[in-house]
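Trainee: I'd like to ask some things about the structure below.
The values are calculated or read from the model by the stated rules, or taken from the named source; none is laboratory data. No experiment lies behind these values; they were computed from the predicted model shown. Positions of Cβ are backbone-derived with ideal geometry, glycine not excepted, and every protein chain shown enters the neighbour counts. Heads up: the accessible areas ignore ligands, DNA and RNA and are worked out on the full protein's heavy atoms, side chains in. Shrake-Rupley method; radii C 1.70, N 1.55, O 1.52, S 1.80 Å.
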Amino acid sequence: MNDRYNGKESFEEWAEEWRMEDRYNFKAIEKKWQAIWDKEKAYKVEIDKNKEKFYALVEFPYPSGAGLHVGHPRSYTALDVIARKKRMQGFNVLYPMGFDAFGLPAENYAIKTGVHPAVSTQANIKTFTKQLKSLGFSFDWDRCIDTSSPEYYKWTQWMFIKFFEKGLAYKDKIAINWCPSCKVGLANEEVVNGHCERCGAEVVRKNKEQWMIAITKYADRLINDLQDLDFIDRVKAQQINWIGRSEGAELDFEFGEDKLTVFTTRPDTAFGVTYMVLAPEHAFVQKYMDRFENPDEVRAYVEATAKKSDLQRTMDDSKTGVELKGMKAKNPYTGDMIPVFISDYVLTGYGTGAIMAVPAHDQRDYDFAKVFHLPIIQVLEGGDISEKAWEEDGAHINSGFMNGMNKEDGMKAAIDYAVKNGFGRSKVNFKLRDWVFSRQRYWGEPIPMVYCEKCGWQPIPESELPLTLPEVPDYHPNDEGESPLSKAGEWLNATCPKCGGHARRETDTMPNWAGSSWYFLRYCDPHNDKEFASKEALDYWMNVDWYNGGMEHTTLHLLYSRFWHKFLYDYGLVPTKEPYNKRTSHGMILAENGEKMSKSRGNVINPDDIVAAYGADTFRLYEMFIGPFDQVAMWSDESLMGVYRFVSKVYGLFRKVYKDAVPGEKDLRAMHKCILEVTERIDQMKFNTAVSSLMTYVNYLSGMEKVPAEMYAVLLKLMAPFTPHLAEEMWARMGYSSLIIMESWPVGDAKLAEDNRVTYAVQVCGKLRGTVELPKGVAREEAEKAALSLDNVKRQTEGKDIRKIIVVPDKIVNIIV
RNA sequence: GCGGGCGUGGUGAAAUUGGUAAACACGCCAGACUUAGGAUCUGGUGCCGUGAGGUUUGAGAGUUCGAGUCUCUCCGUCCGCACCA
């Protein structure tokens, strides 16, 4: 019986071995090499001042219960390829991974099941780690971090205290974005089209006392310092747009006993101001309520506005409002007394929450003026204002001392006049708001502050850090916006570090963006328990040389972390003013039909399944081949098959490799061309064409009778960043005892890659009529002669005058008749 | 409305400074071989045409000996922001 199955017990067993002999057994190969890399700690790095460092970074994942998505490996593989190549080129490469582990899903899961978020998070981290390891990324796992571990968030809290000490963290009662579904306050950046970025519920306004961080103090530097950074343009543009800097002036209009200050980018149009508008939330509305002749009407409008969601407020662009009857404001330029309105088209959070309206030259003011039959005075020449506002430039008219001036002179004159008469000043405004830093949820870093009746808000002493999350009986937040920590009993009681009296702990936690704002620093020195990272480690490893991540973080994590880093820099805690030298972004991977992958659509592709069916190397290579890296790509099982065939082909090619075969001139040309192309294309993130180069080279090798060992070895090295397991396996089979991932990257020779013969395209009047092969660098006369002797060219030029012949060396001959 | 992209075969896509458009792959067609368990190998494949040949990069114009690439106008499409004064 045993004979029948080649000495094996069963057919399956025999077949398995048979396949291992003859077929590409990725399962065994990948398992084997992952174990070896792990055992030898092949990717562990230490500071080595004799070597140039390279810090490659990808955004660390939130360890969700759903596990790794096919989108994650696109980014991770790309930088893994870059990191591996750099390593082979002799750099000391830091390529770390960790987990952004605080966040709402773990908490919602706890509410549903009662499982503590720490427990479910650790389980998810385990799954993620296993999945990531199965893909063969060259992460230094000894540096793995977890933002929810007290050893980590101790320093997040420590940094918060620094913000507080420097006056950048403050508590303020403001109207915040409130998500009624998550029951949590949101930062402006987390609101997308009036909806919660996480759950999609409509966001409402809520007045709440919140911890704020003064990111606006860094607005100018966040724009200006972009200039020297190698970020893709759309990231720069989006950040600049988000920060929204505008130059203009603040002008004071007399109103009651006060000065009603407005911000305007066009003080030169002040002679065209025919009314003013306050946001319904403006303080003057309440202050002067009893002086209005129509307080009931005003109150009703204020209340109606408060009930509207942000979305309702912005979607409806018809103009509504109420005049504050009985009071007028005085235009400081003209002395005119003008009516004042409240309207929800004026935003409370921008500028001063009040505007001067110039209906002739602003469409919104124009629309409002039409509804309320207000005068419209044109002060800029050029347009017809009978139908709509004139928003282009023009010489000033009806503008007193500014008449005849252009925009630039008018602006200057208007501001000079205001300054001289003490009612105005030039001013820069930003759309960016301070960062709302409080969250009324459990699973986040406790804010290390206590409130003392006598001394106010005080940070807890450094010796008490980390302030660990207490156990609570119930994770539910409530509609009043009280954090679950408010049920933490004894934990709430603290001692005021200043007076020693009784104090109460802050119960809000930090937003999930806190831990990720500085994680790249921790990777430099992840086990340090004296500092967040040693100066030596920071000096050596920072900056991040190359950071890849999603576009969706451009105005969130990317902006926050740049700001956070600048703050640390200002106080000498980090050596550089920007954290990332280069930022790139990958496109999303969509389902086969172009739809987004989502659980509800049931079209999610699980990386585990692909790895099980085709192996990690095929999966990695496919994700690099799928299309231009920075663009969205559609998953295709058929294309995946093509890549699998290619990988198998490389495996099978080994049978044709001979140590005694010597490459000829043409062979070397193909090899060096491939080296040059792959090297260059990896650097440019043109992974899809780098893979094509490899395919072209493999097609060439397949056509050879005997493949010289040298040529195959080069192929393996070039493939090592993409398909490290296969490369390692075949390298070993070739008889090398070293790890290929530590071998040196091949150097291409441009001279050897060059062909000594070139094909000229021959055109007659710009139309292709033939080609001719000539030695490289022939004299133009010779090229002309060769071109004219072509039959097809003779036919085309017969009986016609040749007027001109254009010869582009080694490229083209164009005959003009 | 403002800002940033994109538009090339049946499909994903290539194309240094303007210089043979469609590399590489998928799919499809034809053939070979096959105890064969997502098979493999060889050849073909932009479109029209039996053919010579003509024609082709969203549409139109311009610059040029020559334009996928540069300029202008228009159309379509995607992303981000959006009553930001």
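Trainee: Take the residues in region A:175-197 that are under 23 Å from the mean Cα position of the chain (by Cα) and assigned to a loop (DSSP other than H, G, I, E, B); name whichever of them is nearest to RNA strand B (Cβ to nearest atom).
Mentor: Within region A:175-197, the match that is nearest to RNA strand B (Cβ to nearest atom) is A:ASN193.
Residue-by-condition table, conditions (1) near RNA strand B (Cβ under 9 Å from one of its atoms); (2) touching a residue at least 12 places away in the same chain (Cβ under 8 Å); (3) outside any helix (DSSP H, G or I); (4) surrounded by fewer than 17 Cβ atoms within 10 Å (Cβ to Cβ):
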{"site": "A:VAL604", "(1), (2), (3), (4)": "no, yes, yes, yes"}
{"site": "A:VAL650", "(1), (2), (3), (4)": "no, yes, no, no"}
{"site": "A:VAL662", "(1), (2), (3), (4)": "no, yes, yes, yes"}
{"site": "A:LYS666", "(1), (2), (3), (4)": "no, no, no, yes"}
{"site": "A:ALA690", "(1), (2), (3), (4)": "no, yes, no, no"}
{"site": "A:SER693", "(1), (2), (3), (4)": "yes, yes, no, no"}
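Trainee: Within region A:372-395, restricting attention to residues that are touching a residue at least 40 places away in the same chain (Cβ under 8 Å), under 16 Å from A:THR269 (Cα atoms) and assigned to a loop (DSSP other than H, G, I, E, B), which residue is least open to solvent (accessible area, probe 1.4 Å)?
Mentor: Residues of region A:372-395 that are touching a residue at least 40 places away in the same chain (Cβ under 8 Å), as a first pass: A:372, A:374-380.
With the extra rule that they be under 16 Å from A:THR269 (Cα atoms), the set shrinks to A:375-380.
Still in the running and assigned to a loop (DSSP other than H, G, I, E, B): A:375-379.
On the way: A:PRO375: 75, A:ILE376: 45, A:ILE377: 63, A:GLN378: 37, A:VAL379: 0 Å².
Within region A:372-395, the match that is least open to solvent (accessible area, probe 1.4 Å) is A:VAL379.
Trainee: Turning to a different aspect of this structure: Give the residue that is surrounded by the most Cβ atoms within 10 Å (Cβ to Cβ), with candidates limited to residues of region A:245-263 that are at pLDDT 95 or above and in contact with an Asp or Glu (Cβ under 8 Å, 6 or more places away or on another chain).
Mentor: If we take residues in region A:245-263 being at pLDDT 95 or above and in contact with an Asp or Glu (Cβ under 8 Å, 6 or more places away or on another chain), then A:VAL262 is surrounded by the most Cβ atoms within 10 Å (Cβ to Cβ).
Trainee: I need the full set of residues from region A:266-287 which are over 15 Å from A:ALA360 (Cα atoms) and not aromatic (Phe, Trp, Tyr), in order please.
Mentor: A:VAL277, A:LEU278, A:ALA279, A:PRO280, A:GLU281, A:HIS282, A:ALA283, A:VAL285, A:GLN286, A:LYS287
Trainee: Right, here's the next one. Name the single residue that is modelled with the lowest pLDDT among those in region A:330-355 being near RNA strand B (Cβ under 7 Å from one of its atoms) and among the aliphatic types (A, V, I, L, M).
Mentor: Among those residues, the one meeting the criterion is A:LEU347.
Trainee: Please work out if A:LYS308 is within 14 Å of RNA strand B (Cβ to nearest atom) and open to solvent by 30 Å² or more (accessible area, probe 1.4 Å). Spell out how you get there, then give the answer.
Mentor: On the way: within 14 Å of RNA strand B (Cβ to nearest atom): yes; open to solvent by 30 Å² or more (accessible area, probe 1.4 Å): yes.
Judged against the criteria, A:LYS308 is a match.
Trainee: Please determine whether any residue of region A:121-135 is farther than 21 Å from A:TYR76 by Cβ and of a type in the set (Phe, Trp, Tyr).
Mentor: No, there is no match, as no residue in region A:121-135 is farther than 21 Å from A:TYR76 by Cβ and of a type in the set (Phe, Trp, Tyr).
Trainee: In addition: If a residue has to be in a helix (DSSP H, G or I), of a type in the set (Ser, Thr, Tyr) and within 16 Å of RNA strand B (Cβ to nearest atom) to count, how many in region A:695-745 make the cut?
Mentor: Going through region A:695-745 one residue at a time, the tally reaches 4.
Trainee: May I pose another question? The conditions are (1) closer than 17 Å to A:VAL358 by Cβ; (2) in contact with a Ser or Thr (Cβ under 7 Å, 6 or more places away or on another chain), and A:GLU445 fails exactly one of them. Which is it?
Mentor: Condition (1) is where A:GLU445 drops out.
Trainee: Identify, by number, the condition in (1) within 11 Å of RNA strand B (Cβ to nearest atom); (2) open to solvent by less than 50 Å² (accessible area, probe 1.4 Å); (3) touching a strand residue (DSSP E or B) at 6+ places or on another chain (Cβ under 9 Å); (4) of a type in the set (Val, Ile, Thr) that A:ILE610 doesn't meet.
Mentor: It fails just one condition, (3).
Trainee: Checking the conditions here, which among A:ASP362, A:ASP317, A:ASP296 is farther than 26 Å from A:LYS407 by Cα, open to solvent by 10 Å² or more (accessible area, probe 1.4 Å) and at pLDDT below 95?
Mentor: Checking each option against the conditions leaves just A:ASP317.
Trainee: Do we find that A:VAL322 is open to solvent by less than 30 Å² (accessible area, probe 1.4 Å), free of Cβ contacts under 8 Å to residues at least 60 places away in the same chain and within 16 Å of RNA strand B (Cβ to nearest atom) in this structure?
Mentor: Here the answer is yes, as A:VAL322 does meet what is asked.
Trainee: Could you grab me the full set of residues in region A:772-804 that are crowded, with 16+ Cβ neighbours inside 10 Å and not in a helix (DSSP H, G or I)?
Mentor: A:VAL772, A:LEU774, A:VAL778, A:LEU790
Trainee: Just the residues that are in contact with a strand residue (DSSP E or B) (Cβ under 8 Å, 6 or more places away or on another chain) and either at pLDDT 95 or above or more than 9 Å from RNA strand B (Cβ to nearest atom) (or both), please, taken from region A:212-234.
Mentor: A:MET212, A:ILE213, A:ALA214, A:ILE215, A:THR216, A:ALA219, A:ASP220, A:ILE223, A:LEU229, A:ASP230, A:PHE231
Trainee: Okay, next question. Restricting the search to region A:238-257, which residues are touching a strand residue (DSSP E or B) at 6+ places or on another chain (Cβ under 9 Å) and of a type outside the set (A, V, I, L, M)?
Mentor: Scanning region A:238-257 gives A:GLN239, A:GLY244, A:ARG245, A:SER246, A:GLU247, A:GLY248, A:GLU250, A:ASP252, A:PHE253, A:GLU254, A:PHE255, A:GLY256.
Trainee: Could you please let me know if A:ASP409 is open to solvent by less than 60 Å² (accessible area, probe 1.4 Å) and among the acidic types (Asp, Glu)?
Mentor: For A:ASP409, the condition - open to solvent by less than 60 Å² (accessible area, probe 1.4 Å) and among the acidic types (Asp, Glu) - is not met.
Trainee: State yes or no: is A:THR576 within 12 Å of RNA strand B (Cβ to nearest atom), within 26 Å of the chain's Cα centre (by Cα), surrounded by fewer than 21 Cβ atoms within 10 Å (Cβ to Cβ) and on the phi < 0 side of the Ramachandran plot?
Mentor: no
Trainee: Something else about it: Take A:VAL93 and tell me if it is surrounded by fewer than 20 Cβ atoms within 10 Å (Cβ to Cβ) and not in a helix (DSSP H, G or I).
Mentor: no
Trainee: Exactly one of (1) open to solvent by less than 20 Å² (accessible area, probe 1.4 Å); (2) more than 9 Å from RNA strand B (Cβ to nearest atom) is unmet by A:HIS282. Its number?
Mentor: (1)
Matching residues to (1) assigned to a loop (DSSP other than H, G, I, E, B); (2) open to solvent by less than 10 Å² (accessible area, probe 1.4 Å):
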position	(1), (2)
A:LEU57	no, yes
A:GLY65	yes, no
A:ARG74	no, yes
A:ALA78	no, yes
A:ILE82	no, yes
A:ARG87	no, no
A:LYS112	no, no
A:THR121	no, yes
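Trainee: Output the number of the condition that A:PHE160 fails; it satisfies all remaining conditions of (1) at positive phi; (2) not in a loop (DSSP other than H, G, I, E, B).
Mentor: (1)
Trainee: Which one is farthest from RNA strand B (Cβ to nearest atom), of the residues in region A:579-602 that are part of a strand (DSSP E or B), buried (at least 19 other Cβ atoms within 10 Å of the Cβ) and not hydrophobic (A, V, I, L, M, F, W, C)? Write out each step before concluding.
Mentor: So in region A:579-602, the residues part of a strand (DSSP E or B) come out as A:580, A:582-585, A:589-590.
Imposing the further condition that a residue be buried (at least 19 other Cβ atoms within 10 Å of the Cβ) reduces the set to A:580, A:583-585, A:589.
So of that shortlist, the ones also not hydrophobic (A, V, I, L, M, F, W, C) come out as A:580, A:583-585.
Details: A:TYR580: 19, A:ARG583: 14, A:THR584: 14, A:SER585: 10 Å.
Restricting to residues being part of a strand (DSSP E or B), buried (at least 19 other Cβ atoms within 10 Å of the Cβ) and not hydrophobic (A, V, I, L, M, F, W, C), the top hit is A:TYR580.
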